[in-house]
Each structure stands twice: as structure tokens, then as C-alpha cells.
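Taken together, the values in this text are just the output of simple stated rules run on the coordinates, not laboratory data. Note that the structure is a prediction, hence the values are computed from the model and not measured. Every residue, glycine as well, gets a Cβ built from its backbone with ideal geometry; the counts of neighbours run over all protein chains shown.
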Protein chains: 2
Amino acid sequence: MNVRHVISRLGLLFIVFSGVMILVAAIFFILDLLQQHEAGREAQQALLFSGLIGVAIGLACWALNRKVKSYIGRREALLLVALSWLIGAVLGALPFFLWAQISEVPASTQFAQFIDCYFEAMSGLTTTGATILSDIESIPRSLLFWRAITHWLGGLGIVVLFVAVLPSLGVGGKKMFQVEATGLSPGGLQPQIKETARILAGIYVGLTAIEVTALTVAGMSFYDALCHTFATIASGGFSTKNASLGYYRDKPAIDAIVIVFMILAGVNFALYHQLIKGKTKRVFKDTELRFYLFLIAAATALVYFSLRHDGAPLILTTGETVEAGPGETLRQSLFTSVALKTGTGFCTTDYNPWPFLAHAVIIFLMFTGGCSGSTTGGIKVIRVWIAFKIMIAEIEHAFRPNVIRPVKVGGNTIDHETKLGIVVFVLGILILFALGSVVIMLLEGANPTSDCDYKTAATASLATLCTIGPGMAKVGAMENYGWFSGSSKAVMCILMMLGRLEIFAIIVLFTPRFWRGD
Amino acid sequence: MNVRHVISRLGLLFIVFSGVMILVAAIFFILDLLQQHEAGREAQQALLFSGLIGVAIGLACWALNRKVKSYIGRREALLLVALSWLIGAVLGALPFFLWAQISEVPASTQFAQFIDCYFEAMSGLTTTGATILSDIESIPRSLLFWRAITHWLGGLGIVVLFVAVLPSLGVGGKKMFQVEATGLSPGGLQPQIKETARILAGIYVGLTAIEVTALTVAGMSFYDALCHTFATIASGGFSTKNASLGYYRDKPAIDAIVIVFMILAGVNFALYHQLIKGKTKRVFKDTELRFYLFLIAAATALVYFSLRHDGAPLILTTGETVEAGPGETLRQSLFTSVALKTGTGFCTTDYNPWPFLAHAVIIFLMFTGGCSGSTTGGIKVIRVWIAFKIMIAEIEHAFRPNVIRPVKVGGNTIDHETKLGIVVFVLGILILFALGSVVIMLLEGANPTSDCDYKTAATASLATLCTIGPGMAKVGAMENYGWFSGSSKAVMCILMMLGRLEIFAIIVLFTPRFWRGD
């Protein structure tokens, strides 16, 4: 294991990451100078100091190890990925924490505990969007901007990682982490991987630019448009408003734009690459894309039916109550289904009082997530599809053990190893979800001031593991994660990483064989 | 598909089954004559009529089809198994239903609906032990005896089926339903299968005889000893007392005997065969047996710790409240853990108010169940063990895709097909559990008089799917299933069959390919 080279790469990453922090500090410093606005000075200082600390650490990591053999094998890549998020969130949390130390604004107490800052940064980098903040709007805008940027950078990292660097799904003959049987070549990523990464980043930036423009045209301020776009494209969910997207209720065009871009962010980014290459037909025949769109449509229809049948008025995130007429119900059903399926977790309505059927559909959406190679979390649509086909094949197997019918997706036969890998992954998510709920319940049970019921614990586990953001009950659309004990928050940080990096990148770190040379 | 031959076999089975009914009627008729007891006459009539109807149907099924080609292939065997339980429960329900029609005893209204009688009979034959009865003790003893016998016959059927006829687990190179690649030989079961079946039945009867003797010596009446033994050996759980085993609280030896025999009933019956053949060493080295005993010990320790830490007094099923001292807590922890792990579901204490950790442990036990080839339900210990090993292997696979480390159990390498089959089974149980809970919630939600919360629906789904009996909340140790709507009860009957026959025997019936000749 070439740990020193991993550290040197990590150093480079941290320099870039902290550089962005300094840039944000500088931009808002200049903006405030121009607008003669002084209230945000402390936040900018916090960002600047954090950035400098990050750059210093990054430089040290790089400089002390830059002369080691530059070999990155599979284990080194996994370690690099895991540490990027694990330590990246420490750096990402610094601005929040430093600000709370130097500021006397009452709102800064929300960031007084480091675990809260770490949770917020991890939630950002894993594109989860779960927040510990109860009052978002009183946080300085430079910090909220940084918070939105953690989404965007995390999402970009995930897309590049899972589409270009670590072919993610085992579909089409390639396995997770299996692009390079002998390790990445010395000197860095192979040229074609770099090229793919560059194209993906271009698509990511392009989608971002289009959404920002659309939101600005629809009436959002440029600042809010940027923050919400970062959260949409990364399927994160951090908003700059306490009412989340519900704040823009009187501008339905904004809801529509966000719905479209949430759906787009949940699509495999490799498909956009195909689109650019002109392979339109292949894109629209994509099994995962079709099933993904079908699931959104079916879920919306079921939620709509459930709400209409129930007939209770809808409670918006602004606190307003509205009649559940057909148009209003459709709007809320579609927005909520898309927001939770893609794991964005923007909210326009409080779905806590919704009837059971709507809840069951929502929970299913949260588990399944979006497409592979997207910024969404969860099991992923393609795995759900393949697991379903495997189960059908197994049923036939019971009365015809000698007939082995191949499981195919888009014309490709899924091999045995991949089939097992996919079913184990689905089972793994379910087990981690259950374990997470139980551990959160036990930790909160040990805390006499906490009043955590099982629905809260279970959906908190689900919403962090599948990188959704909001859950139900006391972590519902209008609630936050600030009230959990520090140890529960730490558990949720682990769940977010496990879900975001598709379990294995984290779990391998705990196996002795990973660290042994054999 | 040779449906007519299946029907003829079914006919023979029904003749035996209904013959037992007539026998029970006769025995209790004579007993009542001797004891000059007249209250039970109507129940005996109900049993007699039901038995006669059953014999008539059985004879018709057999006589009309006895001349068809006597070929039983894999599909025929699956159909026979599924119909045995599905229609067997109709016959088994008849005595309850007829009694309710002719009796004017107030308690008979508990059986006024046929779905309730069917539920009770299905719960008996699948060795679940979930009851719709709120007042057991006012049911005539001949009917309670018949109810206990459904357990015993169902359990015997399962052991013979899964150990002798359909090698159940895919462990050791053999697959579920795969003993005969070309179908069972014409003219009936092959000689060695018949021989194994005979030995298994002998072991089953032997264990029954020993437990009856032990319980009688410990102070139970012979009648109660028989009924409770039938329920123990089949890991069913029907009791003749409203307080279940809690009734015998002042005779701790009875608790101890029942605990021992519940554990014995959860062991693979093939191991007893090995024991008889003198292969003691092999038995005690059995991976599943060791893991099974370890899980019981570990679960008891956790439940004990949880209860002692909580310190709340224990509520017995008799209604009494006792201090949670070390001895008392150990007794209740052990009894409850064993009763729920083996899916027997006898109760001595109400575990509804127990703390969360104890509940989490209990739920885990309910899912995992006992050993393969036993009368218990659930996932089965060996599958849990293998699934765990597969997951460990998959984790290593993430950083070493070219190293395929074989997954071994007791020296045997598990092949690819079997691995996939086991993981799919575990996933299937989890999915059916979730589906069952959602459907029950929706059905009860549609019923305005029902007040079914999610914990009740979920544990009812679990307790029927894994053939446990009691669940939690409103289906807890001191509750019953009588209050559910008829449609929910029908769903639970399906869950019991699915769990009891390890899913595939039922699900295949719904696939078109099963019925087509190809």
C-alpha cells in the first residue's frame, strides 16, 4: 500500500478545495465593499483563515510526499476516495466552526459544536442536504454560498469518480473499481480517463450554467440561483431559505425549472456524453433511463391519488395551508416525488401529515434513488431493475433448475459475479439502513433529553444513507438534524459516506486484508 | 403438468388428515362418556362431520384420478405441496366453522367467520401459532386438541418435505427441489426417500413422546402436555391457556422443559439422524448448530442486559407484575428469546413494554429463525451465516477483483448458483416483509373502525411470514389477530404459506411458465 503517494494526492486536492474557500472569501469581501455591507466580515475572515489552513495542510501533505513512487493501485484509489470525503469534510467544516468562534451573532451558536459543522460539511460533500440549521436565513451569505459549493464540488467528484474513474455499476461487463486490473498507470490517470473526466466536468458545468440562467430569468436573484443550482445539479438540497424551495411559491416557473433539473441531475451523466456524440437513439433506448422516468411518473400518480383520496389540505413549508385541489396536488406530488427520488430533498410542502400510501411510495423512492453515474444516492434504478430480473429468474429456477435463462440489460448478459454483487449491494443497503436506525435509536435512547421515536430514527438513517436530506417525523421537511446528540450525528456522517461511496470504499478500510500487503 | 395425478395424491392426503379428525372426535366422545361430561358434544359433532366431508372429498379426488399415469415431476411436487397447505387449511378450518354454526356457547362466535377459522387452521398447519382467539379457555377441549394437532401434522410435513423430499437449502451441493433431476420415479417416492422420511417421522414421534412424558412428570395434565408438546415440537405456539405458558408459572420445571424442547425443535432433523447413526462428532461440529446456539446465547445476554439496565418490573401473561431481579430476568429473557427465535411464540411475559434494545434483538431473532430442516420458519440460521460470509467476500472483492476466495461451510464450497439463491432468498424475505406490512396498513387504513399502527402491521407481517405467532404492539404477547379485517387475515394466510414453504413453492404458481408445458 503506497500510503505516502495517497497523501500527496490528497494534498493536491486539499489545495484546490481550500483555494475555492479563499476565492469565496475574496468574492464576498469585494461584493460587500461595493455594496458597503459590513455584517458579513467575520464569515469572510473565517473562510479566509480556513482556506489558508487548508492550503497549508495540503502543501505539507504534498511536499513531504511528492518524491515517492507515484503508483496508484486499486487499494490506493479506494483509500484516496475515502480520505477525500472523510478529511475533506473536516476542512469544509472549518469556516462554519471558526465563524461561530469569532462571531457574536446569535445565529452563530448553531455552529458552536464542531460535530455540527462536520455534519453540515459532510452532508454537503456527500450531496445529502441534511442540515443542522434551524434558522438558515440568519447565516451570512458567504457561508451559505460555501455550503452550496460543497454540494457542487462533491457532486462533481462523484460523477467523475463513478463514471470516469471507477466504473460504478458492474453493468456492461465492467465492475465497480475494476477499470484497471493492474492499477492506474504511474504518473496519473490514463489519458482516456482524463479525457472522459474533462467531458463530464464540461457537461456538469454546462447544466449548471443553463439552470442558473433559467432560474435568474424566472425571477430568482443571481445569488440564490447559483446556490440552488449547485444544490440541484448535485442532487444535494441545501437551500438559502428556511422554507426551502417553498419560498418561491408565487413563481411556479421556478418549481418547474427545479423539477426538470432535478430529473436531469438524476440521469447517468454518461448518457449526456452519448448525446453529445450524437447517439440519441441509444440514449432514449436506455433501460435505466426509461425505468427511472417510469418510476417517477408512477410514484407521482400514486402520491397524487393518495392525497386526493385523503382530501386533507396541504401544509406548505412557508406555514401556509392550501386546499388540495387537482392542480395544487399535482404540483406538490410531482415536486416531492422528484425531490425525494433524486435525493435532492428540496421541499415545498410538509409531507409528514400525508396518508400512509404516499409515505410508503416516498420511502420506496428514497431507497431506490436515481440512475447510476448520476449525483443521486440510494440503491440506484439499474440495480433495482436487475435485482428484480434476477428474482424472476430465481423463481423459474425453482421448478426448472437446469434452465439457466440469462439476465439481460440492454442486450448485455449480466455475468454471475455481477449478479451476486448487485443483490449483495441491495441487501447491504437494507442491512445498513436497519443497523443505522437501531444505533441511532439506542444512542438517542441513552440521552434523557431526546425524544426520538423509531420513525424519526429510521428515516434519519434512510435519509442519510441514501443521501436524501429530509426524512419524516422529527427529521421531516420542516425539521432539521440539529437536535440529535453528537454521537448520532457521527453515525449519520458514516452513513452518508457509506451511501455516497457505495459502501465498499468505506467498509474495506475496516478489513485487515485491505491493509496487509498480500 | 400432470394435474390429475396431483389431485389423486392430494385425495390420499386428505383422507388421512380427515381420518385424524374423526379419530379425535371419537376419542373425546368416549372420554366424555366415561367422565359423564356433555358440554363438548357439539364440538365432537363438528369434528365428525368435518372429518366425513374431508374423507368424502379425499375419496372423490383419489377415485376420479387414480387411473392416470402416476408421474410426479418437479412441477407436480411443487403444486402438490402448495395445494396441501392451501386446501388442507380449508378442511382444517371446517370443525371450527361447523361448531360455531351449531353451538350456542358465546365463545363460539369467535369462529363465526370462515376467514377466522381458515386463519386459525393455516396458522396451525404452517406451525405459526398466531391465533384469532381472545378467549382460548372457553373453546371445547376436542377443538383445542385438533388445533394443536394441525401444528403437529404441519410440522411433520415440513420436516419430511424439506429434509427427505425436497433438500431444502442448497447447502452441500444440493439445491432446493433438486434432489431428482428427472422427476421422482413412477410409482411413488424412491425407496431411500421413503426410508429417510420414515426415520424422520420416528425422530419426530420420539421427541414428542419424551416431551409429553417430561411435561406430565413436571405436573402438567396429560391433555395439556400433549397439546403443548404438539405446539413445541412443531415450533407452532398454540396453547390451551389464555396466558400461554405463563399459566404454569409456579412450576418452573415446565418452563425449563419447554425451553429445551423448543431449542431441540429448532435443530436440523437430519442431525438427529446422524446422531442415531453414531456420528456424534459430525453433529457437534455442525456450523449451523453452533451458530444457532451462539445466537440464542448472545440474544439472551443482550435481552437480559437490556432489561436489567431498564429495571422496570416485568408484566407476566397472567397479568401479574414481578420485580426484574436477576433470576426472574434471566428466565424471561431466555424463554422469550428461544420462543421467538424458534418461531414457537409461546409467551410467559408481555414484551411490549420492553426497552428498544430488547425489541431490536427480538426482531432480529424473528427474522433469522432456527436451523434448516427444522420446523422453524424465517430466513434460517445457515442462510444468515452464508449470506454473512458472502458479504465479507464481496467486500474483499472490491479491492481484489481477481482473487475469488471460495465461501465454505463445514468444508464444502458453496457454488455460484447457491450463493445467488441464498442472497436472493434473504432479500426476498425482507421484500415480502415490507410488502406485507404496507398491504396490511393499507387494508386496515381503509377500515375506519381499525386502529392499526405501523408497528402492529409490520410485526404482524413479520410474525406471519416467519411463522412466529405473536408480534408486537396490538399483536403482542397478550393480544390476538381476531380484530383484523378479513382481507388482512387473507394476506397473512398468504404470508404464512410463503414463509412456511420458503417462498418459491407458492410464488411459482403465479408464473405463466409454470403452467405451460415448455
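Measuring gaps between exposed loop sites in chain B (GluC sites (Glu not before Pro); DSSP loop; at most 14 other Cβ atoms within 10 Å), the longest gap, sites not included, is B:324-518. Name the residues of segment A:267-290 whose amide N is less than 16 Å from a point 7 angstrom out from the Cα of A:Lys408 along the C-beta direction? Residues A:285-288 fall inside that zone. Based on DSSP H segments of at least four residues, each scored -39500 (n - 2.57), the protein assembly as shown has a per-residue ellipticity at 222 nm of -21000 deg cm²/dmol.
When each of the peptides A:18-29, B:373-384, A:420-431, B:237-248 is scored by the mean number of other C-beta atoms lying within 10 Å of its residues, the order from highest to lowest reads B:373-384, B:237-248, A:420-431, A:18-29. Among the DSSP helices (H) of chain B, those spanning at least 30 angstrom by Cα along their long axis with an average Kyte-Doolittle hydropathy of 1.6 or more are B:3-35, B:416-445; this is a geometric and hydropathy rule only. Per residue, the Cα convex hull of segment B:27-157 amounts to 119 Å³. Footprinting exposure proxy ranking of B:Leu161, B:Leu330, fewest other C-beta atoms within 10 angstrom first, gives B:Leu330, B:Leu161. Taking N as the residue count of the protein assembly as shown, its C-alpha radius of gyration divided by 2.2 N^0.38 Å amounts to 1.02.
For a modelled paramagnetic label at A:Asp310, 7 Å from Cα along Cα-to-Cβ, the residues of segment B:443-473 in reach, with backbone nitrogen under 14 Å, are B:445-446.
For the peptide B:417-424, the mean number of other protein chain Cβ atoms found within 10 angstrom of a residue's Cβ is 6. Neighbouring Cβ atoms from other chains, within 10 Å of the Cβ of residues in B:110-121, number 0 on average. Just how far, in whole angstrom, is segment B:302-320 from segment A:219-259 if you go by their alpha carbon centroids? Using only Cα atoms to place each centre, the spacing works out to 51 Å. What FRET efficiency comes out for the pair B:Lys279/B:Ser70, r = Cβ-Cβ distance, R0 = 35 Å, nearest 0.05? Computed FRET efficiency for B:Lys279 and B:Ser70: 0.50. Ordering B:Arg147, B:Arg513, A:Arg282 from the fewest to the most neighbouring beta carbons within 10 Å gives A:Arg282, B:Arg513, B:Arg147.
For the peptides A:63-73, B:258-268, the ranking by packing is B:258-268, A:63-73, with the highest mean count of neighbouring Cβ atoms within 10 Å listed first.
Projecting 7 Å from Cα along the Cα-to-Cβ direction, the label point of A:Gln113 sits 4.8 nm from its equivalents in the other copies, listed shortest first. Modelled this way, with points 7 Å down the Cα-to-C-beta line, the labels at B:Phe222 and B:Ala39 are 2.1 nm from one another.
Mean per-residue shielding of peptide B:385-395 is 4, counting Cβ atoms of other chains within 10 Å of each Cβ. Shape of segment A:306-384 from its Cα gyration tensor (a ≥ b ≥ c, root eigenvalues): rounded if a/c is under 1.5, otherwise prolate when a/b > b/c, or oblate? Prolate.
Pairs of C-alpha atoms in segment A:293-349 farther apart than 15 Å represent 46 percent of all such pairs. Shape call for chain B from the C-alpha gyration tensor, a ≥ b ≥ c root eigenvalues: rounded (a/c under 1.5), prolate (a/b greater than b/c) or oblate? Because its axes are fairly even, with a/c under 1.5, chain B counts as rounded. By the count of neighbouring beta-carbon atoms within 10 Å, fewest first, A:Asp224, A:Asp310, B:Asp451 end up ordered B:Asp451, A:Asp310, A:Asp224.
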